[in-house]
1. Could you check the range 54-100 and list, in sequence order, the residues that are touching a helix residue (DSSP H, G or I) at 6+ places or on another chain (Cβ under 6 Å) and surrounded by fewer than 18 Cβ atoms within 10 Å (Cβ to Cβ)?
2. Residue 7 versus (1) farther than 19 Å from residue 85 by Cα; (2) surrounded by fewer than 17 Cβ atoms within 10 Å (Cβ to Cβ): which is the lone unmet condition?
3. Look through 54, 135 and report the one residue that is in contact with a strand residue (DSSP E or B) (Cβ under 9 Å, 6 or more places away or on another chain) and either over 21 Å from residue 9 (Cβ atoms) or modelled with pLDDT of 90 or more (or both).
4. Going through the range 6-55 one residue at a time, which ones are in contact (Cβ under 8 Å) with a residue 24 or more places away in the chain, assigned to a loop (DSSP other than H, G, I, E, B) and within 23 Å of residue 77 (Cβ to Cβ)?
5. Go through (1) closer than 21 Å to residue 86 by Cβ; (2) touching a helix residue (DSSP H, G or I) at 6+ places or on another chain (Cβ under 8 Å); (3) modelled with pLDDT of 90 or more; (4) surrounded by fewer than 18 Cβ atoms within 10 Å (Cβ to Cβ) and name the single condition residue 30 misses.
């Protein structure tokens, strides 16, 4: 099997420590790209991280840089990459997901049902007619 055929597409979201200055952020993203490339991956897209307030502290930090990257890599390289990110002190958290090959089809609702036909009043006795039948016997 060809090595290119063995690679799968992945999406990675990560949080970098807020202690990194903004002018050094591009260098940090380059470092993350190097980790991916060193482990046999090919980066298809990488966004520059944006500083965010965290909902809860992570490693005693209330803010972090949130970024995403898209890449292809084989299974062996992926395991090595996970270990490298786990040991890299500037990465607070990361999540790597399989990128879906095809976009899911949108869910379409069933066509609206036709309103049920009402029985004509001529065939169904009215309340007054029922009352007269009961009283008259």
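1. 74, 84
2. Among (1) farther than 19 Å from residue 85 by Cα; (2) surrounded by fewer than 17 Cβ atoms within 10 Å (Cβ to Cβ), the lone unmet condition for residue 7 is (2).
3. Of the residues listed, the single one that is in contact with a strand residue (DSSP E or B) (Cβ under 9 Å, 6 or more places away or on another chain) and either over 21 Å from residue 9 (Cβ atoms) or modelled with pLDDT of 90 or more (or both) is 54.
4. Hits for the range 6-55 are 7, 39, 40, 41, 49.
5. Only one criterion is unmet by residue 30, namely (2).
The values are calculated or read from the model by the stated rules, or taken from the named source; none is laboratory data. Fair warning: this is a prediction, and the values are worked out from it, not measured in the lab. Counting neighbours? That spans all protein chains shown, and the Cβs are built from the backbone with ideal geometry, glycine included.
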